[in-house]
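To start, the structure under review is shown below, and the notes come after it.
The values are calculated or read from the model by the stated rules, or taken from the named source; none is laboratory data. This one's a predicted model, so the numbers in the text were calculated from it and none came from an experiment. Every residue, glycine as well, gets a Cβ built from its backbone with ideal geometry; the counts of neighbours run over all protein chains shown. Surface areas here come from the heavy atoms of the whole protein model, side chains and all, with no ligands, DNA or RNA. Shrake-Rupley method; radii C 1.70, N 1.55, O 1.52, S 1.80 Å.
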Amino acid sequence: MTPNSWKRQLMDLTDLTDAYQRLVKAAEGITDASPITDAERADVAWLLAHIALSDRVLTTAARELLGGATSVVVDNQPAMDTRAIDDLIAGTTHLQRIEVLHRNAVELMDLLDLMPESAWSADVELRIHDRDGRHVSDSQLTWSGLIDIRAKQNIPGHAVRLAELGNRG
């Protein structure tokens, strides 16, 4: 076994890749003909914009780690910013929001694929804001722990919600 193949086994991104694929598929399953309320349609738009902006936050942190940082702050406030979300929604269609989300996810995945083993154990200070922009919590975890949460809880949970809406009818 070569050192490179060993590294890939330790940093397996299969769960995250699968989660994003399910998310995009679920989002694509929501069309103009989907029998959902206007409020649900607005929630879908908000969710897609939020995830796309979240990936930008994670991409920034990934770049810091690739640049040699041993710890990063991941603050989700930009992904909860009402103006940023409203601007993204106003400037895109549903399909364009899916494309922005997909493009941001691919960029993040590409950076994660480049990460050296040492970056995965980097300390992360996670700052969480709610949908109203209020700071609600801080926590400490590793970069691998954060990506694991994204892969196994966050993105899959959003995918399930979108799939439920898309499968109505």
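Determine how many Å³ per residue the convex hull of the Cα atoms of the stretch 11-58 encloses.
Looking at the stretch 11-58, the number lands at 69 Å³ per residue.
Please list, ordered by chain and number, the residues whose modelled amide H lies under 5 Å from the amide H of T142; skip anything fewer than 5 residues away on the same chain.
V124
R0 = 45 Å: FRET efficiency of S34 with S137, Cβ-based, nearest 0.05?
Working: r = 34 Å, r/R0 = 0.75.
The value I calculate is 0.85.
Pick from L66, L112, L101: which is most flexible by mean-square fluctuation in a GNM of the chain where alpha carbon atoms under 10 Å apart are linked?
L66
Charges at C-beta only: +1 for Lys and Arg, -1 for Asp and Glu. How large is the resulting dipole of the chain about its Cα centre, in Debye rounded to 20?
220
Computing the accessible area with a 1.4 Å probe over protein heavy atoms, can you report the carbon and sulfur percentage for the stretch 1-156? Mind dumping the intermediate values first?
Working: 4300 of 8300 Å².
Carbon with sulfur: 52 percent of the solvent-accessible area.
With a probe of 1.4 Å, find how much accessible area the chain has per residue, and write the answer as a whole number in Å². It would help to have the intermediate numbers written out before the result.
On the way: 9050 Å² over 169 residues.
Accessible area per residue, the chain: 54 Å².
For the chain, find the longest principal axis of its Cα atoms and tell me its angle to the long axis of helix 155-166, 0 to 90°, nearest 10.
20
H129's amide H: which non-local residues (gap 5+, or another chain) put their own amide H closer than 5 Å, with H modeled 1.01 Å from N in plane and none for Pro or chain starts?
Under 5 Å from the amide H of H129: N76, Q77, V136.
Taking only the alpha-carbon atoms of the stretch 105-166, what semi-axes of the equivalent ellipsoid follow from 5 times the gyration tensor eigenvalues under a square root, in whole Å, largest first?
Each semi-axis is √(5λ); the values are 23, 19, 10 Å.
Any chance you could look up the accessible area of V136 with a 1.4 Å probe, heavy atoms only, rounded to 10 Å²?
80
Per residue, how big is the convex hull of the chain when only Cα atoms are used? Give it in Å³.
Once divided by residue count, the hull of the chain is 109 Å³.
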